[in-house]
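Just below is one structure, and these are the notes that go with it.
The values are calculated or read from the model by the stated rules, or taken from the named source; none is laboratory data. Nothing here was measured: the structure is a model prediction, and the numbers come from that model. Ideal geometry is used to build each Cβ from the backbone, glycine not excepted, and the neighbour counts take in all protein chains shown.
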Amino acid sequence: MDALNKLKQFDAYPKTLEDFRIKTCGGATVTTISGLIMLILFFSELQYYLTKEVHPELFVDTSRGDKLRINIDVIFPHMPCMKLTPRGLLSCLNFYDFVFLDLSIDAMDVAGEQQLDVEHNLFKQRLDKDGQPVTAEAEKHDLGKEEEGVFDASKLDPDRCESCYGAETDDLKCCNTCDDVREAYRRRGWAFKTPDTIEQCKREGFSQKMQEQKNEGCQVYGFLEVNKVAGNFHFAPGKSFQQSHVHVHDLQSFGLDNINMTHFIKHLSFGKDYPGIINPLDGANVAAPQASMMYQYFVKIVPTIYVKGDGEVVKTNQFSVTRHEKVANGLIGDQGLPGVFVLYELSPMMVKFTEKQRSFTHFLTGVCAIIGGVFTVAGLIDSLIYHSARAIQKKIELGKAS
């Protein structure tokens, strides 16, 4: 019994008798407010505990032989969709009085060479003037595969030699298709304005395709997988080809006053998504103030690894971007080419983000600190209010007595 009495001396929380305790309205108000504050702070601490902690690391990128995935979803409201070119490049059509323009998508490396080993899964969707799909399903593009038209060329004589309508050259003496005539005109630098007078184009229904897609727009979406080196991809008018190992767009025979490069970038990213990623070009809506605008997006790509809490590793990329725009002539060397160009460059550094679960003991410590801190501060406030009220009450009573 003596031992228990001695133990009571270490009690840091002495109790008073119930009869000597005074409950006040001020104390009840302080208790209610402090309880609400405790509850709010508790849920705040709980939310913080449930949120994954992300630790960033920065180091030199030593990966080799990887591919770069480019996810694209771009709308050109004033550039109608058209068939693929023979080079397997995505094409669109814009025209005025039967002057047509091909809008091609090309992927180039830093040396200006066209990347030939490009894997892709690109689709095009025809849009009406209100931006609604014209067809139920989008058309998929197969690079290197020519589009099949409504006309069956196998019914014609395979040994035929049709006219190029005065545009014949030594190495192109026969034009058996509408594309052959277009190529011959391109080499001569002639404008291709009257497809209705050319038998090959009439046979293939070229003008009919133009009329069907008049005043339409085009949505291009899907992905490309290219070599992981600096380069660019672009949406530019004119048929593209290689000349003396240089990538060239043919614009000599086309009028440029009707090229409207207004575009809406629904999505553009380089790799997979991960929690918290920001793609700065998503939702970018650019209205061309005049015809033949050239838009250049200079992109700096930072290779990124994101390690999730369950051990899953996501290899992807972040990027920053700046935009430059100007009016492009397209026919004079340094005047540029109308279109949308995305020029990307890779950083030699890599960022690694690692998700980690926050410590449960840290959560308990925080909860105890919240309860103890609020309880202590509330006790001090209650004591201040109580003693201040008592002092004021005594002064009032003394004043009445005198």
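What is the residue count in the range 27-84 for residues that are outside any loop (DSSP other than H, G, I, E, B) and not aliphatic (A, V, I, L, M)? Can you show your working first?
The initial filter retains those residues of the range 27-84 that are outside any loop (DSSP other than H, G, I, E, B), namely 27-50, 53-60, 67-76, 81.
From what is left, the residues that are not aliphatic (A, V, I, L, M) are 27, 29, 31-32, 34-35, 42-45, 47-49, 53, 55-57, 59, 67, 69, 71, 73, 76, 81.
Count: 24.
Does Met293 count as touching a residue at least 60 places away in the same chain (Cβ under 8 Å) and more than 18 Å from the chain's Cα centre (by Cα)?
Here the answer is no, as Met293 does not meet what is asked.
Would you point out the residue of the range 179-207, among those that are basic (Lys, Arg) and part of a helix (DSSP H, G or I), that is modelled with the lowest pLDDT?
The residue in question is Arg186.
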